[in-house]
Amino acid sequence: MGGGAWVVRLASLFALGLVLGSVEASLGDVDPRYRTCVKECQTTGIIGENIISHCQNKENDTSVGDSWYNQEQIYMQWKQLNCRTDCRYFCMMQREGERQSLGLAPVKYHGKWPFLRISVFQEPLSAALSAINLLMHFTGWLSFFLLVKYKLPLRPQTKRTYYEYTSLWHIYAILSMNAWFWSSIFHTRDIDLTEKLDYSSAVALLGYSLILSLLRAFNVKDEASRVMFAAPILAFVTTHILYLNFYELDYGWNMKVCVVMAVVQLLTWAIWAGVTRHPSRLKLWTVVFGGALAMLLELYDFPPYMGYADAHSLWHASTIPLTYLWWSFIKDDAEFRTSTLIKKAK
């Protein structure tokens with residue numbers, strides 16, 4: 001998070017944890033009419049006027065143990081478009097159409113709202129907005145790189161930047177882009193692998209952002225001191241990621257871990273900006289408090305408007321301007337530190 005747009009990622013993890021923790025308890029998938037529809041679809045391959053080709057052609061649903069030449073193409077296996085998933089989708093859409101005609105509100109199926117699918121995109125708006133956030137981090141990092149490398153003065157002897165945190169922000173950019181990449185993939189296809197990659201990437205970014213906030217707030221410049229600051233947090237975050245991936249994907253525990261890391265770094269950034277009277281503290285405070293307000297979008301869960309825009313996708317939209325402002329603050333900080341160090345050198 002780094003005190004920026006990813007501050008509110010913890011709310012996403014919390015809300016998604018609650019959703020996925022009750023996958024088989026949603027009102028939609030316990031509906032007898034929905035269950036009957038899915039069962040008949042998997043048997044006949046027909047739902048109303050829709051013919052499910054994956055159910056008609058059973059060879060498309062071969063198991064992993066079959067010969068490689070009998071299995072689906074690799075990209076089809078990743079998409080997991082098969083008889084069961086297609087039957088669930090079309091039966092969900094049919095049942096929601098019936099409910100709407102009766103004036104009933106949408107309900108969740110297998111822990112998720114009934115989104116309209118576009119090709120392989122399960123939640124197209126959230127996937128697209130995640131991709132835009134990735135682009136925002138890339139352009140923000142690129143402008144930061146050009147600033148410190150070509151626009152600001154370099155140290156005469158080493159030709160390195162005056163700004164002591166340049167390399168740390170490069171790492172932050174990589175982790176941010178990686179996290180948004182897997183967020184986009186996860187919203188495209190929600191399967192076990194993409195879920196774990198999305199969660200792991202978000203936790204890694206949170207942990208590193210916490211380290212970065214502490215290093216900047218306490219002005220830690222010595223490499224040995226940085227290692228001392230980072231080692232305990234890195235060890236804990238690594239252990240936590242391994243726990244989620246290879247022992248148990250415990251959504252409740254993960255939420256608690258993310259909340260603690262987020263709160264600590266939020267307080268760190270906010271207090272540091274006030275104590276040091278940083279010239280760009282207003283930008284930092286706007287990002288921090290704007291991100292906190294955006295969390296309300298995660299807490300106020302509502303069905304997708306027109307089948308696409310739900311609270312979570314709107315949260316993704318809110319992080320786009322916050323990301324721009326966050327990288328603007330980072331560049332301001334680089335200019336401020338460089339100017340300060342050059343004045344001291346003179």
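Numbers below:
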read-out: Label-point separation in nm, Ile342 to Thr286, each point 7 Å along Cα→Cβ; value: 2.5 nm
read-out: Peptides 126-138, 145-157 ordered by average Cβ neighbours within 10 Å, highest first; value: 126-138, 145-157
read-out: The range 122-189 shape via C-alpha gyration tensor axes, a/c threshold 1.5; value: prolate
read-out: Sites Gln157 and Met228 - FRET efficiency at Förster radius 30 Å, r taken between beta-carbons, to 0.05; value: 0.65
read-out: Distance (nanometres) between label positions extended 7 Å along Cα→Cβ at Thr43 and Phe138; value: 4.9 nm
read-out: Net charge over other residues, Cβ less than 15 angstrom from the Cβ of Leu284 (K, R count +1; D, E count -1); value: +3
read-out: Peptide ranges 211-224, 251-264 listed from the most packed, as the mean C-beta count within 10 angstrom indicates; value: 251-264, 211-224
read-out: Label point 7 Å beyond Cα of Asn219 along Cβ direction - residues of the range 303-344 with amide nitrogen under 11 Å; value: 341
read-out: Computed lengthening from Lys149 to Thr276, 0.36 nm per intervening residue step minus Cα-Cα distance; value: 43.1 nm
read-out: Charge context of Ala273, other residues only, Cβ under 13 angstrom, K/R +1, D/E -1; value: +2
read-out: Distance (nanometres) between label positions extended 7 Å along Cα→Cβ at Thr238 and Ser101; value: 5.9 nm
read-out: Total formal charge among the other residues, if their Cβ is under 12 angstrom from that of Tyr308, Lys/Arg +1 and Asp/Glu -1; value: -1
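All of the numbers you see were taken from the coordinates with simple rules; none came from a lab. Bear in mind the structure is a predicted one, so any value in this text is a computation, not a measurement. Positions of Cβ are generated from backbone atoms using ideal geometry, with glycine treated the same way; all protein chains shown enter the neighbour counts.
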